[in-house]
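One structure is given below, encoded as structure tokens.
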Amino acid sequence: MENQRIIQVEDKVPFKLLVPLSIQHMFAMFGASILVPFIFGINPAVVLFMNGVGTLLFIFVTKGKAPAYLGSSFAFLAPAGIVIQNFGYEYALGGFVAVGFCGCILAFIVYKFGTDWIDAVLPPAAMGPVVALIGLELSSTAAGNAGLLDETISTGNLVIFLVTLGTAVFGSILFRKFFSVIPILIAVIAGYVAALCFGAVDFTEVAMAPILALPNFSAPKFNVEAIITILPVILVITSEHIGHQVVTSKIVGRDLLKDPGLHRSLFGDNFSTMISGLIGSVPTTTYGENIGVMAMTRVYSVRVIGGAAILSIVCSFVGKLSMMISTIPGPVIGGISFLLYGMIGTSGLRILVDSRVDYGKSRNLALTSVIFVTGLSGIAVKIGNIQLTGMVLACVVGMILSLVFYVLDRLKLTNDVEA
């Protein structure tokens, strides 16, 4: 394989290359995916199962044209936590089903009215910083996983983190041929070996886990109050989804909002969330880590992502294997995320560059400035049980400001009216 060759979305990948690339994708997504079920207090096996099934459903719905891996959504944590505390996890599942169903209806609306409205609601001067914030606001999560935000930083954690990050960074520019497309996988292995040397891996739960086990499926229960508590999250996940599709479009060099279409990707995302709620899993969403891996390796093939999904399903049925993967220490996950999240932020800046945003115009300067400060300042707006902050709040502010500018343009009141 040529060094730095791009493997496009529809390209077939030889089996000897498909396996390690699929493992690389699964490892990149694994840390964040299992964190959500741990927070909810449920077994991650059913989540691994649904992440795999959801990804395969998404690939099918988008006709294999949108490379995306569906992982556990963090957007539901706050409202779902309230519902679990007051009603129980089964009623949170009912809320997940309701959000997924409403999201599917939203996808139909997008299908009927198209995506031209995005240019008015989120022009490049707004979309660029919003996409950048997807990665930038996750930077503290990467540092936290690595233990770098602890009051006292462990020497072992620091070394493991540096070995992982260093292998990923230097591997991405030094590795050649076959190794040039699996720097993330090699970095995970290097970090894991370093963790073993420092005694940072605990195999107790691996020894206790059964060889084979069925995922812990469960059925949802429905309550109007619980659904109303969770339903506003649809605003969050829709903004996040559009941002992910835009940045993925820039990476792969295709307009995924047009082909296969935002309506298809939005439907696939929300349909997966609805099915998740019906079988006892957490909501799914397109994943930033997946975007980071593609940006770094230039491997966009849906066959690779599909392979990662199948591996995730297999792991959900193999108790010891899923527990073995869960022993990957935080500093390793943090080291990988440190680079991948930064790549997402850089992709947002790339939107500004590729779109040739003119900052000689006051509107563009004001729009980008307000969005960045809103997203990075820590400001939070609470609507009922939903708290808008970070990228989501910045996206909402950017949309409102862009619409106001658009109306002022139509009324010919601005001093730099655009054609």
- Residues in region 338-393 that are in a helix (DSSP H, G or I), in contact with a strand residue (DSSP E or B) (Cβ under 9 Å, 6 or more places away or on another chain) and surrounded by fewer than 18 Cβ atoms within 10 Å (Cβ to Cβ): how many? 0
- Neighbours by Cβ (under 8 Å, 6+ apart or cross-chain): first from region 348-370, over 18 Å from G135 (Cβ atoms) and of a type in the set (V, I, T); second assigned to a helix (DSSP H, G or I) and open to solvent by less than 30 Å² (accessible area, probe 1.4 Å): V357/A125; V357/G128; V357/N364; V357/T368; V370/G398
- Is it the case that region 38-50 has a residue that's without any contact (Cβ under 8 Å) to a residue 12 or more places away in the chain, open to solvent by 50 Å² or more (accessible area, probe 1.4 Å) and out of contact with any His (no Cβ under 7 Å at 6 or more places or on another chain)? yes
- In region 104-119, how many residues are open to solvent by less than 100 Å² (accessible area, probe 1.4 Å) and in a loop (DSSP other than H, G, I, E, B)? 2
- charged (D, E, K, R), modelled with pLDDT of 90 or more and crowded, with 24+ Cβ neighbours inside 10 Å - does that describe any residue in region 267-274? yes
- Could you tell me whether region 85-92 includes any residue that is assigned to a helix (DSSP H, G or I), open to solvent by 50 Å² or more (accessible area, probe 1.4 Å), at negative phi and touching a Lys or Arg at 6+ places or on another chain (Cβ under 7 Å)? yes
- Since R264 meets every condition but one in (1) in contact (Cβ under 8 Å) with a residue 60 or more places away in the chain; (2) over 30 Å from N157 (Cβ atoms); (3) open to solvent by less than 10 Å² (accessible area, probe 1.4 Å), which condition does it not meet? (3)
- Message: Quick check on F101: is it within 30 Å of A226 (Cα to Cα), of a type in the set (F, W, Y) and part of a helix (DSSP H, G or I)?
- Response: yes
- Of I242, I189, which residue is at pLDDT 85 or above and among the β-branched types (V, I, T)? I189
- List the number of the failed condition for R254; all other conditions in (1) at pLDDT below 95; (2) open to solvent by less than 10 Å² (accessible area, probe 1.4 Å) hold. (2)
- Mind checking which pairs have a first residue in region 244-256 that is in contact (Cβ under 8 Å) with a residue 60 or more places away in the chain and farther than 16 Å from G268 by Cα and a second that is among the basic types (K, R) and assigned to a helix (DSSP H, G or I), Cβ under 6 Å, 6 or more apart or different chains? K250/R350
- Note on the structure: Condition set surrounded by 17 or more Cβ atoms within 10 Å (Cβ to Cβ) and assigned to a loop (DSSP other than H, G, I, E, B), scope region 219-230, selection modelled with the highest pLDDT: answer is P220
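The values are calculated or read from the model by the stated rules, or taken from the named source; none is laboratory data. Because the structure is predicted, anything quoted here is derived from the model rather than measured. Cβ: placed from backbone, ideal geometry, glycine included. Neighbour counts: every protein chain shown. The protein model used for the area step is the full one, side chains on, heavy atoms only, and it has no ligands, DNA or RNA in it. Shrake-Rupley method; radii C 1.70, N 1.55, O 1.52, S 1.80 Å.
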